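Any read-out appearing in this document is the output of simple, stated calculations on the displayed coordinates, not a laboratory observation. In this text the structure is predicted, and so the values were computed from the model without any measurement. Every residue, glycine as well, gets a Cβ built from its backbone with ideal geometry; the counts of neighbours run over all protein chains shown.
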Amino acid sequence: MSGFKKKITKIAFDTDKYLQKYLSKQDKSSYLLNPMKYGLFSGGKGFRSKIIFDTGRIFNINHNILKALSAAVECIHSYSLIHDDLPCMDNDDIRRGRISTHKKFGESTAVLAGNSLLILAFEILSNKKLKLKDRIKNELIYSLAACSGHSGIAGGQYSDLNFENKIVSKKKLIEMQNKKTGKLFSFCCTGPAILVEKESSVKRDLSLIGLQIGLLYQISDDLIDITGNSEHVGKLTRKDDKKGKATLISLMGYKNTLAFADSIKYKLIKKIKKYGTKSSDLLESLEHIMHRKI
């Protein structure tokens, strides 16, 4: 197992353990707990959590606090995937190598489970047992909310659906992908800076780094959809073209999109290196993005 694989596996394990402990204290009679857990503990890569820990390392932040931040982000990410898979959205029956939440529990239950995970993220960040100053909690909650609603994931999904079978400009595509994917990555980079109350200029810089990491991640996803094997990837591939999805690849072509991604990566490396030797884990994650197969 590579060094990167060991690190991301450990972070995913720690985040899942935190969430399992948190959920164990929830109302056991809730009918939604099982579908929530099904969508949450579905064998995800934990890449967003890795970015949180990578950035946290730059500021020497305690891992226990980073676990709470990662848990909240994984709840948001899982909610978005449950909803994305619905027949009224992307209509995907397979997610991470098994049937989607709505196929196992029904569409209405999947909607409610996704909603509950969205809300759970803010419950985690506002919990009294999370020993943070109120102003830090407020900023975290505000920032994560902005990444999740109409100006973030939900807004990006709306554009993604409405751009199908249309010719869309590069500017609009990047705006859509920044909302759908980039903004949550942006929070993964700024969240640790909020925890240690860094100045606004640092938060803005990390926010832009996170947006660009998210854009690269989305480009990588689109490339995998073209070249990946469905069994290996854990979901159906080559579906974007069939659905008429508007992507940078459909606009610019495969080779030009790769060249565009390489230029983003080169600029990001220079930006991240400004944070010194402790940014090596973040650089490692950046390197991994364009080489991943799933």
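Return the Rg/Rh value of segment 132-195, two decimal places, where both radii are evaluated on C-alpha atoms and Rh is the Kirkwood radius. Mind showing how you got there, number by number?
Numbers: Rg = 14.0 Å, Rh = 12.5 Å.
For segment 132-195, the value is 1.12.
With no solvent and one point on each alpha carbon, what is the Debye value of log10 I(q)/I(0) for segment 3-289 at q = 0.08, 0.17 Å⁻¹? So the normalised log intensities are -0.32, -1.57. Split the chain at each of the trypsin sites (Lys or Arg not before Pro) in a DSSP loop with at most 12 other beta carbon atoms within 10 Å, and the longest piece is 29-127. Residues S49, S151, arranged from fewest to most other Cβ atoms within 10 angstrom of their Cβ, appear as S151, S49. Once the convex hull of all Cα atoms in segment 53-164 is built, its volume per residue stands at 131 Å³.
Counting charges near S116 (Lys, Arg +1; Asp, Glu -1) among other residues having Cβ under 12 Å from its Cβ returns a value of -1.
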